[in-house]
Amino acid sequence: MIRFEDLVEKVRAYNPDADIELLRRAYVFSAFEHKGQVRHSGEPYLVHPLEVADLLADMKLDVVAIAAGLLHDIVEDTQTPIERIKELFGPDVAHVVEGVTKLGAISFSSSEERQAENFRKMLLAMVDDIRVILVKLADRLHNMRTLHHLSEERRVKIAQETRDIYAPIANRLGMSKIKNELEELAFKYLETKAYESLRARVEARRRATEGMIEDLKNTVAAKLTEAQVPVIEIDGRIKRLFSIHQKLKRQKIDLDQVYDMVALRIVTQSVRDCYAALGIIHQTWAPVPGRIKDFIAMPRPNGYQSLHTSVVSERGFPFEVQIRTADMHRTAEEGIAAHWKYKEGRIGAGRDEQYFLWLRQLLEWQQEVRDPQEFLQNLKIELYPEEVYIFTPKGEVKALPRDATPVDFAYAIHTDIGHQCVGARVNGKMAPLRTRLRNGDIVEIVTTAGHKPSRDWLSFVITSRARNKVRHYIHAEEKERSLDIGRKLFEKEARRFGINAKTLADPAAMTRVLADYGLAKADELYAAIGYGKLSAKNVLAKFVPADQLKETPETGIASVVRRVLGTGDEKIKVRGIDDLMVFRARCCNPIRGEQIVGYITRGKGVSVHAAACPNVVNLLYDPERRIDVEWDKASDASPYTVRLSIQVEDRKGILADVSSKIAGINTNIRNVEATVDDQMGRIDMTVEINDVKHLQKVIKSLRGIDGVIGVERASR
Ligand code: MN
């Protein structure tokens, strides 16, 4: 059992100026508070805080963190309030203890919604003071080490939480030593049978394997000395059971087929020596293709750096080799704790800031996510940085989560590149935006100035960053559009009763109506109308009592001007391609130049129909929701796809005639299908059409072909 004096010695060794007095007082206070309490193991409770403090001293943390470790269970387990801790040990220690206490109260096995909320709290605690999570991790590690004393039910609950939450967090903070032990222990308690059987089998071959590891180490050492590459340490080990287990599961193989259960680690003095050592390893043994990874040039998102390779020994036995500098080694083992500046009592500037940057960004990105399931999904991706490395054509590299798409990549480069991306060349070939990128892909993003993000993207982007940027954009766009639509609807409604909306909604009246709806600004009122949340009719009634409203058909010079000049101030502009709030109805897919009619849907904006669409007749039942629309002349002219159904005589060569005729008038064909039944043929063809004139021209020239009986525009 650890003694307090051992702890003091450990702290002094790395921090000679440490405030030992503070630690001593914390120890005495903790001993007093926990007096008489016993752990499930039968040991005095005090052992637990002491062990936790010891783990924190192993991480070389400051005295505030270690004192908090000694005191971390007092508020939860005794009558002592946090104020007392503050009085005795100052605000910093109290702050950390309070954070740990709060985290302890969180249950991560609750319903999804609660869980998402709890995660948010945890992230906040981490950003607030990273020592909170470090103390919590030490606490969890010691509890996992002593888990066998608890009931089966408690064991499983705690082990599951450890696997789901605490191991990934340790991983994301780069603390692989703690992460590995947490994972190993969780494996033991969650899959006890698999764990025990694997352990027995690995044990059975331990002696043979260890002999071989010894040989390999000696060979490597000799080769490196011969090549004059100085080495600090060569270490060989059998991989962790959990990592072997995962490999067996992933590759669906048996233990006898797992060859590389051995990993060799070479710690060198410099980056140059790392690459030199890699070269020598490859000269000595044949590398396994595709297994060389350069995490020095491309560090993992959690800061991990190392060279990895797998080679095959002369006896046909593959094993893994990791090569890194002493500095990288420490970062790999301890992560964020390796960068802790205990003298300053805070995480310093520079590389370590990365962890904080990540945390802050994550919080920012997640703030707007309302759907708990989506929040957890995002978090999972962020917590398990299983990354792929994607290159720009200029050789710049971005680390992205597995399954990222060109849109994720575009947003990782720059927000504007993301917004304006229209396509991507992956390894020189055009690829759909939803393509899942693979490690090493060279991706060139094709952009068009003025192009806008699409709602579709939300269905396939992976990164929080891309998701957040797209959503943010859509939100702003929708707001602007619904404001425009709402205002026009209101004006139209007012005009129906011969009222000028602008004079009606004077500031005094507006203030009164806004108060009625509990809104702050006129814009919010119009936007609510535009979204379909409020009806223009009801809002108008708030300004003018319903009995004073009399419908007056529009008369006078204003209406004449409007009719003659077509100055549709009140008209909604249809851009031609779908925007978020104004979209072409799927039943008739109107194209530029056609007569169109708008209809306010509830909450989804304006659907635009061709005036000839049969559905429009039904829309007339609800005239209140009809709105005038017109094609926006300023809009760009990207083509529409239109499906044509052509009735033809069944004769040879007619398909070729039709195709060449269409190509002859500069029209792209997207798709053709020809069918024959009862000596009558039909050609279904999808073409790209610019506007209604273009369509008429196409139909006319098709009708002119010998053997064409009829041409119809298909409804979708
Ligand atoms: Mn504890």
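Each value in this text was obtained by applying a stated rule to the coordinates, not by laboratory testing. If you're wondering where the values come from, they're calculated on a predicted model, not measured in any experiment. Positions of Cβ are backbone-derived with ideal geometry, glycine not excepted, and every protein chain shown enters the neighbour counts.
Figures for the structure shown
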{"item": "Computed Rg/Rh of region 413-456, alpha carbon atoms with Kirkwood Rh", "result": "0.96"}
{"item": "Solvent-free Debye scattering, log10 I(q)/I(0), computed from the Cα coordinates of region 114-227 at q = 0.12, 0.23 Å⁻¹", "result": "-0.61, -1.23"}
{"item": "Computed over the chain: relative contact order in percent, which uses C-alpha pairs under 8 Å that are six or more apart", "result": "7"}
{"item": "Within the chain, helix-based [θ] at 222 nm, where runs of 4 or more DSSP H residues each add -39,500 (n - 2.57), nearest 500", "result": "-15500 deg cm²/dmol"}
{"item": "Dimensionless Rg over Rh [the chain; C-alpha; Kirkwood]", "result": "1.09"}
{"item": "Spatially proximal lysines relative to Lys452 (Cα-Cα < 22 Å; intrachain offsets below 8 disregarded)", "result": "Lys469, Lys479, Lys573, Lys604, Lys633"}
{"item": "Computed label-point distance, nm, for sites Asp403 and Ser459 using a 7 Å Cα→Cβ extension", "result": "1.6"}
{"item": "D (Stokes-Einstein, µm²/s), Kirkwood Cα radius, region 387-462, 1.567 mPa s at 4 °C", "result": "108"}
{"item": "Gain in span if fully extended, Thr448 to Ala522, counting 0.36 nm per residue against the direct Cα distance", "result": "23.1 nm"}
{"item": "Region 478-547 - Rg over Rh from alpha carbon coordinates, Kirkwood radius", "result": "0.93"}
{"item": "Net charge dipole size for the chain [Lys, Arg +1 and Asp, Glu -1 on Cβ; Debye, nearest 20]", "result": "1700"}
{"item": "For Val288, distant residues with modelled amide H under 5 Å away", "result": "Ser310, Val311, Val312"}
{"item": "R0 of 25 Å, Cβ-Cβ distance Val672-Arg586: FRET efficiency to nearest 0.05", "result": "0.65"}
{"item": "Sorted peptide list for 139-145, 698-704, 429-435, 397-403, criterion being average Cβ within 10 angstrom, highest first", "result": "139-145, 397-403, 698-704, 429-435"}
{"item": "Dipole moment magnitude, nearest 20 debye, region 62-214 about Cα centre, only Lys, Arg, Asp, Glu C-beta charged", "result": "600"}
{"item": "Loop-located GluC sites (Glu not before Pro) in region 191-243 whose Cβ has at most 11 other Cβ within 10 Å (DSSP)", "result": "none"}
{"item": "Percent of Cα pairs exceeding the 17 Å cut-off, where the set is region 640-714", "result": "34"}
{"item": "Linear extension gain, His40 paired with Asp294, 0.36 nm per residue minus alpha-carbon span", "result": "86.8 nm"}
{"item": "Lysines with Cα under 26 Å of Lys550, excluding same-chain neighbours fewer than 8 positions away", "result": "Lys488, Lys492, Lys502, Lys533, Lys537, Lys542, Lys571"}
{"item": "Relative packing of peptides 72-78, 670-676, 268-274 - highest average C-beta neighbours within 10 Å first", "result": "72-78, 268-274, 670-676"}
{"item": "Share of pairwise Cα separations in region 29-135, more than 20 Å, in percent", "result": "42"}
{"item": "Other-chain or far-sequence residues with amide H under 5 Å of Ala714's (modelled H)", "result": "Arg643, Leu644, Ser645"}
{"item": "Sites matching GluC sites (Glu not before Pro) across region 392-491 that sit in DSSP coil, with at most 14 neighbouring C-beta atoms within 10 Å", "result": "Glu396"}
{"item": "Whole-angstrom Cα spans of region 4-190 along principal axes, big to small", "result": "43, 35, 34"}
{"item": "Ordering of 320-326, 281-287 by packing [mean C-beta count within 10 Å, highest first]", "result": "320-326, 281-287"}
{"item": "Solution diffusion estimate, µm²/s, Stokes-Einstein, region 193-338, Kirkwood Rh from C-alpha pairs, 4 °C, viscosity 1.567 mPa s", "result": "81"}
{"item": "Spatially proximal lysines relative to Lys394 (Cα-Cα < 18 Å; intrachain offsets below 8 disregarded)", "result": "Lys429"}
